[in-house]
1. Search the range 100-121 for residues that are within 20 Å of ARG182 (Cβ to Cβ) and pair each with any residue that is basic (Lys, Arg) and assigned to a loop (DSSP other than H, G, I, E, B) when their beta-carbon atoms are under 7 Å apart and the residues are at least 6 apart or on different chains.
2. For residues in the range 234-251 being out of contact with any helix residue (DSSP H, G or I) (no Cβ under 9 Å at 6 or more places or on another chain) and not in a loop (DSSP other than H, G, I, E, B), which is farthest from ALA283 (Cα to Cα)?
3. Starting from residues that are part of a helix (DSSP H, G or I) and within 18 Å of the chain's Cα centre (by Cα), keep the ones in the range 186-216 and report whichever is nearest to PHE158 (Cα to Cα).
4. Can you tell me which of VAL122, VAL131 is surrounded by fewer than 19 Cβ atoms within 10 Å (Cβ to Cβ), among the β-branched types (Val, Ile, Thr), within 19 Å of the chain's Cα centre (by Cα) and in the same structural domain as GLY193 (by TED's automatic domain parsing)?
5. Could you tell me whether any residue of the range 63-85 is within 13 Å of the chain's Cα centre (by Cα), free of Cβ contacts under 8 Å to residues at least 12 places away in the same chain and either surrounded by fewer than 23 Cβ atoms within 10 Å (Cβ to Cβ) or closer than 30 Å to PRO304 by Cβ (or both)?
6. Starting from the range 288-302, keep only residues that are at pLDDT 90 or above, then list their pairs with residues that are of a type in the set (Ser, Thr, Tyr) and in a strand (DSSP E or B) whose Cβ atoms are within a distance under 7 Å, requiring at least 6 positions of separation or different chains.
Amino acid sequence: MRQRKPRGRKLDGWLIVDKPPGLTSTDVVNRVRRAFDAQKAGHGGTLDPLATGVLPVAFGAATKTVPYVMDGTKVYRFTLRFGEARDTDDADGQVTGRSEARPSDAAIAAALPGFRGEIMQVPPAFSAIKVAGERAYDLARAGAPPALEARPARVDRFDLVARPDADTAVFEVQSGKGVYMRSLARDLAAACGTLGHVAALRRLRVGPFAEQGAIPLDKLLRAEDTPPTSPDVLLPVATALADIPALALTEAEAFGLGHGQAISLVTLMGRIPPAADPDGGLARAMAGGRVIGLCRLEDGWLKPERLL
(Lines give C-alpha, C1' and ligand atoms only; values in the text may rest on other atoms or scores of the structure.)
Protein backbone atom coordinates (compact mmCIF):
# COMPACT_ATOMS: atom_id res chain seq x y z
CA MET A 1 0.00 0.00 0.00
CA ARG A 2 1.45 3.34 -1.05
CA GLN A 3 2.13 5.78 1.76
CA ARG A 4 0.10 8.94 1.50
CA LYS A 5 2.16 12.06 0.88
CA PRO A 6 1.70 14.74 3.58
CA ARG A 7 -0.23 17.77 2.42
CA GLY A 8 1.43 21.17 2.42
CA ARG A 9 4.97 22.50 2.44
CA LYS A 10 7.72 21.17 4.68
CA LEU A 11 8.59 24.19 6.82
CA ASP A 12 10.84 24.33 9.88
CA GLY A 13 10.96 27.25 12.30
CA TRP A 14 9.10 29.36 14.84
CA LEU A 15 6.41 31.95 14.21
CA ILE A 16 5.57 34.33 17.06
CA VAL A 17 1.92 35.30 16.78
CA ASP A 18 0.25 38.14 18.66
CA LYS A 19 -2.94 36.26 19.47
CA PRO A 20 -6.20 38.24 19.33
CA PRO A 21 -9.02 37.67 21.85
CA GLY A 22 -11.85 35.29 21.10
CA LEU A 23 -9.84 32.43 19.55
CA THR A 24 -8.41 29.30 21.11
CA SER A 25 -4.71 28.57 20.66
CA THR A 26 -5.65 25.63 18.41
CA ASP A 27 -7.73 27.99 16.23
CA VAL A 28 -4.66 30.17 15.73
CA VAL A 29 -2.41 27.20 14.86
CA ASN A 30 -4.91 25.91 12.30
CA ARG A 31 -5.25 29.32 10.66
CA VAL A 32 -1.52 29.97 10.32
CA ARG A 33 -0.87 26.41 9.14
CA ARG A 34 -3.36 26.99 6.31
CA ALA A 35 -1.91 30.45 5.58
CA PHE A 36 1.60 29.03 5.24
CA ASP A 37 0.38 25.78 3.61
CA ALA A 38 2.54 23.96 6.17
CA GLN A 39 2.60 20.21 6.77
CA LYS A 40 3.02 20.30 10.52
CA ALA A 41 2.49 22.90 13.25
CA GLY A 42 1.87 23.15 16.99
CA HIS A 43 1.99 25.81 19.69
CA GLY A 44 4.28 26.46 22.64
CA GLY A 45 1.85 27.10 25.49
CA THR A 46 -1.93 27.47 25.55
CA LEU A 47 -3.65 30.85 25.92
CA ASP A 48 -7.31 31.06 26.96
CA PRO A 49 -9.74 32.49 24.35
CA LEU A 50 -10.00 35.71 26.40
CA ALA A 51 -6.20 36.17 26.42
CA THR A 52 -4.02 38.02 23.93
CA GLY A 53 -0.32 38.21 23.28
CA VAL A 54 2.63 35.94 22.63
CA LEU A 55 1.70 32.57 21.15
CA PRO A 56 4.76 30.77 19.71
CA VAL A 57 3.81 28.48 16.81
CA ALA A 58 6.25 25.72 15.84
CA PHE A 59 6.52 24.39 12.29
CA GLY A 60 8.09 21.05 11.36
CA ALA A 61 11.32 20.30 13.25
CA ALA A 62 10.58 23.15 15.69
CA THR A 63 7.82 21.00 17.23
CA LYS A 64 10.63 18.91 18.79
CA THR A 65 11.61 21.93 20.90
CA VAL A 66 8.06 22.80 22.10
CA PRO A 67 8.54 21.19 25.57
CA TYR A 68 11.58 23.40 26.23
CA VAL A 69 9.67 26.55 25.29
CA MET A 70 6.78 25.53 27.56
CA ASP A 71 9.25 25.01 30.41
CA GLY A 72 10.59 28.55 29.96
CA THR A 73 9.81 31.60 32.08
CA LYS A 74 6.60 33.43 31.19
CA VAL A 75 5.54 37.04 31.76
CA TYR A 76 1.90 38.16 31.90
CA ARG A 77 -0.09 41.34 32.51
CA PHE A 78 -3.64 40.96 33.75
CA THR A 79 -6.49 43.09 35.03
CA LEU A 80 -8.24 41.84 38.16
CA ARG A 81 -11.84 42.98 38.57
CA PHE A 82 -12.95 43.01 42.21
CA GLY A 83 -16.46 42.28 43.41
CA GLU A 84 -17.50 39.32 41.25
CA ALA A 85 -16.55 35.65 41.23
CA ARG A 86 -17.00 33.78 37.93
CA ASP A 87 -17.16 30.01 37.38
CA THR A 88 -14.27 30.21 34.88
CA ASP A 89 -12.35 32.74 37.04
CA ASP A 90 -12.35 35.11 34.06
CA ALA A 91 -14.76 37.46 32.31
CA ASP A 92 -16.02 34.73 29.95
CA GLY A 93 -17.75 32.85 32.80
CA GLN A 94 -21.01 33.10 34.70
CA VAL A 95 -21.25 35.15 37.91
CA THR A 96 -21.24 32.87 40.96
CA GLY A 97 -20.90 35.45 43.75
CA ARG A 98 -20.70 39.15 44.53
CA SER A 99 -18.99 41.28 47.17
CA GLU A 100 -19.13 45.00 47.95
CA ALA A 101 -15.61 44.97 49.46
CA ARG A 102 -12.89 46.81 47.53
CA PRO A 103 -9.31 46.49 48.84
CA SER A 104 -6.99 49.46 49.20
CA ASP A 105 -3.60 49.54 47.47
CA ALA A 106 -2.02 48.94 50.89
CA ALA A 107 -4.15 45.82 51.43
CA ILE A 108 -3.12 44.47 48.02
CA ALA A 109 0.55 45.19 48.72
CA ALA A 110 0.28 43.37 52.05
CA ALA A 111 -1.26 40.29 50.41
CA LEU A 112 1.09 39.98 47.42
CA PRO A 113 4.14 38.45 49.21
CA GLY A 114 2.03 35.38 50.02
CA PHE A 115 1.80 34.66 46.30
CA ARG A 116 5.50 34.94 45.44
CA GLY A 117 8.07 32.18 45.41
CA GLU A 118 7.17 28.50 45.64
CA ILE A 119 3.44 28.37 46.34
CA MET A 120 0.59 25.85 46.22
CA GLN A 121 -2.16 26.72 43.75
CA VAL A 122 -5.57 25.19 43.00
CA PRO A 123 -6.12 25.31 39.20
CA PRO A 124 -9.38 26.74 37.81
CA ALA A 125 -12.24 24.26 37.42
CA PHE A 126 -12.30 25.26 33.74
CA SER A 127 -8.81 23.99 32.84
CA ALA A 128 -7.34 21.23 30.68
CA ILE A 129 -6.23 19.14 33.68
CA LYS A 130 -7.38 15.53 33.45
CA VAL A 131 -9.54 14.06 36.21
CA ALA A 132 -10.19 10.32 35.92
CA GLY A 133 -9.48 10.55 32.19
CA GLU A 134 -11.74 13.56 31.60
CA ARG A 135 -10.74 17.18 31.03
CA ALA A 136 -11.73 19.38 33.97
CA TYR A 137 -13.40 21.91 31.67
CA ASP A 138 -15.60 19.18 30.14
CA LEU A 139 -16.79 18.15 33.61
CA ALA A 140 -17.35 21.80 34.59
CA ARG A 141 -19.37 22.49 31.42
CA ALA A 142 -21.49 19.41 32.18
CA GLY A 143 -22.39 20.95 35.54
CA ALA A 144 -20.06 18.81 37.66
CA PRO A 145 -16.94 20.95 38.28
CA PRO A 146 -14.22 18.77 39.84
CA ALA A 147 -12.59 19.51 43.20
CA LEU A 148 -9.01 19.96 41.99
CA GLU A 149 -6.09 19.52 44.35
CA ALA A 150 -3.51 22.23 44.99
CA ARG A 151 -0.25 21.79 43.09
CA PRO A 152 3.17 23.45 43.33
CA ALA A 153 3.70 26.65 41.35
CA ARG A 154 6.65 29.05 41.04
CA VAL A 155 5.96 32.79 40.93
CA ASP A 156 9.13 34.86 40.50
CA ARG A 157 7.43 38.25 40.39
CA PHE A 158 3.89 39.46 41.14
CA ASP A 159 3.57 43.25 41.13
CA LEU A 160 0.74 45.78 41.20
CA VAL A 161 1.50 48.09 38.25
CA ALA A 162 -1.70 50.19 37.97
CA ARG A 163 -4.95 50.91 39.79
CA PRO A 164 -7.34 52.46 37.25
CA ASP A 165 -10.21 52.60 39.76
CA ALA A 166 -11.53 50.92 42.93
CA ASP A 167 -13.00 48.02 40.93
CA THR A 168 -9.85 47.06 39.01
CA ALA A 169 -6.13 46.56 39.49
CA VAL A 170 -3.46 45.68 36.92
CA PHE A 171 -0.65 43.24 37.72
CA GLU A 172 2.47 41.86 36.06
CA VAL A 173 3.56 38.32 36.81
CA GLN A 174 6.71 36.39 35.96
CA SER A 175 6.29 32.69 36.55
CA GLY A 176 7.36 29.17 35.75
CA LYS A 177 5.46 26.45 33.92
CA GLY A 178 1.80 25.71 34.67
CA VAL A 179 0.93 28.76 36.77
CA TYR A 180 -2.67 29.93 36.24
CA MET A 181 -3.22 33.68 36.19
CA ARG A 182 -6.94 33.09 36.81
CA SER A 183 -6.11 31.28 40.04
CA LEU A 184 -3.73 34.05 41.13
CA ALA A 185 -6.45 36.64 40.55
CA ARG A 186 -9.14 34.62 42.35
CA ASP A 187 -6.90 33.82 45.32
CA LEU A 188 -5.46 37.32 45.67
CA ALA A 189 -8.98 38.78 45.76
CA ALA A 190 -9.91 36.26 48.47
CA ALA A 191 -6.78 37.17 50.47
CA CYS A 192 -7.93 40.80 50.28
CA GLY A 193 -11.34 39.89 51.69
CA THR A 194 -13.35 40.07 48.48
CA LEU A 195 -14.13 38.20 45.25
CA GLY A 196 -12.53 38.72 41.87
CA HIS A 197 -11.76 37.42 38.38
CA VAL A 198 -9.49 38.16 35.42
CA ALA A 199 -11.07 40.83 33.19
CA ALA A 200 -8.18 41.01 30.69
CA LEU A 201 -5.01 38.97 30.20
CA ARG A 202 -1.99 39.45 27.95
CA ARG A 203 1.12 37.28 27.71
CA LEU A 204 4.25 39.36 27.19
CA ARG A 205 6.90 36.64 27.01
CA VAL A 206 7.39 32.88 26.69
CA GLY A 207 11.00 31.78 27.17
CA PRO A 208 13.08 33.62 24.54
CA PHE A 209 10.02 34.90 22.65
CA ALA A 210 8.84 38.42 23.55
CA GLU A 211 5.93 40.70 22.69
CA GLN A 212 8.19 42.95 20.59
CA GLY A 213 8.74 40.16 18.05
CA ALA A 214 5.11 39.01 17.84
CA ILE A 215 3.17 39.51 14.58
CA PRO A 216 -0.59 40.23 14.68
CA LEU A 217 -2.56 37.27 13.35
CA ASP A 218 -4.43 39.30 10.73
CA LYS A 219 -1.11 40.26 9.08
CA LEU A 220 -0.24 36.57 8.60
CA LEU A 221 -3.48 35.32 7.07
CA ARG A 222 -4.11 35.29 3.32
CA ALA A 223 -7.13 35.53 1.08
CA GLU A 224 -8.41 32.49 -0.81
CA ASP A 225 -6.61 31.68 -4.09
CA THR A 226 -3.51 33.68 -3.14
CA PRO A 227 0.00 32.25 -2.70
CA PRO A 228 0.96 30.88 0.76
CA THR A 229 2.38 33.36 3.28
CA SER A 230 6.16 33.75 2.91
CA PRO A 231 8.25 31.70 5.36
CA ASP A 232 10.72 34.62 5.63
CA VAL A 233 9.06 35.64 8.92
CA LEU A 234 9.93 32.30 10.57
CA LEU A 235 12.68 32.20 13.18
CA PRO A 236 15.26 29.36 13.19
CA VAL A 237 14.37 26.22 15.13
CA ALA A 238 17.26 26.82 17.55
CA THR A 239 15.84 30.22 18.60
CA ALA A 240 13.64 28.32 21.06
CA LEU A 241 16.73 27.17 22.93
CA ALA A 242 18.33 30.60 23.39
CA ASP A 243 17.55 30.65 27.15
CA ILE A 244 19.41 27.36 27.73
CA PRO A 245 23.13 27.69 28.66
CA ALA A 246 25.46 27.09 25.69
CA LEU A 247 28.30 24.57 25.85
CA ALA A 248 31.01 24.66 23.14
CA LEU A 249 32.13 21.30 21.74
CA THR A 250 34.87 20.28 19.34
CA GLU A 251 33.83 18.81 16.00
CA ALA A 252 34.93 15.36 17.23
CA GLU A 253 32.82 15.70 20.39
CA ALA A 254 29.84 16.91 18.37
CA PHE A 255 30.19 13.94 16.01
CA GLY A 256 30.22 11.48 18.92
CA LEU A 257 27.29 13.20 20.60
CA GLY A 258 25.36 13.08 17.33
CA HIS A 259 25.82 9.33 17.34
CA GLY A 260 24.44 8.93 20.85
CA GLN A 261 27.74 8.94 22.78
CA ALA A 262 27.95 10.59 26.19
CA ILE A 263 30.93 12.82 27.03
CA SER A 264 32.64 12.84 30.43
CA LEU A 265 32.18 16.15 32.26
CA VAL A 266 35.85 15.87 33.27
CA THR A 267 36.74 16.33 29.59
CA LEU A 268 34.58 19.45 29.49
CA MET A 269 35.98 21.10 32.64
CA GLY A 270 36.45 24.81 32.07
CA ARG A 271 33.82 24.88 29.32
CA ILE A 272 30.70 24.05 31.33
CA PRO A 273 28.68 27.29 31.68
CA PRO A 274 28.08 28.38 35.30
CA ALA A 275 24.31 28.48 34.70
CA ALA A 276 24.22 24.79 33.73
CA ASP A 277 23.21 22.62 36.68
CA PRO A 278 25.62 19.64 36.83
CA ASP A 279 22.95 17.62 38.62
CA GLY A 280 20.42 17.01 35.84
CA GLY A 281 20.50 20.43 34.12
CA LEU A 282 20.22 21.12 30.40
CA ALA A 283 22.86 22.56 28.09
CA ARG A 284 22.70 23.67 24.47
CA ALA A 285 25.49 21.83 22.65
CA MET A 286 27.24 24.06 20.11
CA ALA A 287 29.97 23.35 17.53
CA GLY A 288 31.38 26.11 15.38
CA GLY A 289 28.28 28.25 15.89
CA ARG A 290 25.92 25.39 15.02
CA VAL A 291 23.37 24.07 17.51
CA ILE A 292 23.86 20.30 17.75
CA GLY A 293 21.01 19.76 20.18
CA LEU A 294 20.11 19.60 23.84
CA CYS A 295 22.08 17.57 26.35
CA ARG A 296 21.66 16.77 30.02
CA LEU A 297 24.43 16.95 32.63
CA GLU A 298 23.92 13.84 34.70
CA ASP A 299 26.02 11.44 36.80
CA GLY A 300 29.26 13.01 35.61
CA TRP A 301 28.35 12.80 31.92
CA LEU A 302 26.96 15.01 29.17
CA LYS A 303 24.19 12.90 27.63
CA PRO A 304 22.35 13.69 24.38
CA GLU A 305 18.66 14.36 24.97
CA ARG A 306 17.28 15.98 21.81
CA LEU A 307 19.43 16.29 18.68
CA LEU A 308 18.52 18.76 15.94
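The values are calculated or read from the model by the stated rules, or taken from the named source; none is laboratory data. Small disclaimer: the values here were computed from a predicted structure and weren't measured. In this analysis, Cβ positions are derived from the backbone assuming ideal geometry, glycine residues included, and neighbour counts consider all displayed protein chains.
1. none
2. First, the residues of the range 234-251 that are out of contact with any helix residue (DSSP H, G or I) (no Cβ under 9 Å at 6 or more places or on another chain): 242, 245-248, 250-251.
Now restrict to residues that are not in a loop (DSSP other than H, G, I, E, B): 246-248, 251.
Numbers: ALA246: 6, LEU247: 6, ALA248: 10, GLU251: 17 Å.
The qualifying residue farthest from ALA283 (Cα to Cα) is GLU251.
3. As a first pass, look at the range 186-216 and keep what is part of a helix (DSSP H, G or I): 186-191, 211-213.
Keeping just the survivors that are within 18 Å of the chain's Cα centre (by Cα) gives 211-213.
Values: GLU211: 19, GLN212: 21, GLY213: 24 Å.
It comes out as GLU211.
4. On the way: VAL131 fails: within 19 Å of the chain's Cα centre (by Cα).
The match here is VAL122.
5. Kept after step one, since they are within 13 Å of the chain's Cα centre (by Cα), are these residues of the range 63-85: 65-76.
When the remaining residues are screened for being free of Cβ contacts under 8 Å to residues at least 12 places away in the same chain, the result is 67.
Narrowing further to those that are either surrounded by fewer than 23 Cβ atoms within 10 Å (Cβ to Cβ) or closer than 30 Å to PRO304 by Cβ (or both): 67.
Checked the range 63-85: at least one residue is within 13 Å of the chain's Cα centre (by Cα), free of Cβ contacts under 8 Å to residues at least 12 places away in the same chain and either surrounded by fewer than 23 Cβ atoms within 10 Å (Cβ to Cβ) or closer than 30 Å to PRO304 by Cβ (or both).
6. Close Cβ pairs satisfying both conditions: GLY300/SER264; TRP301/SER264.
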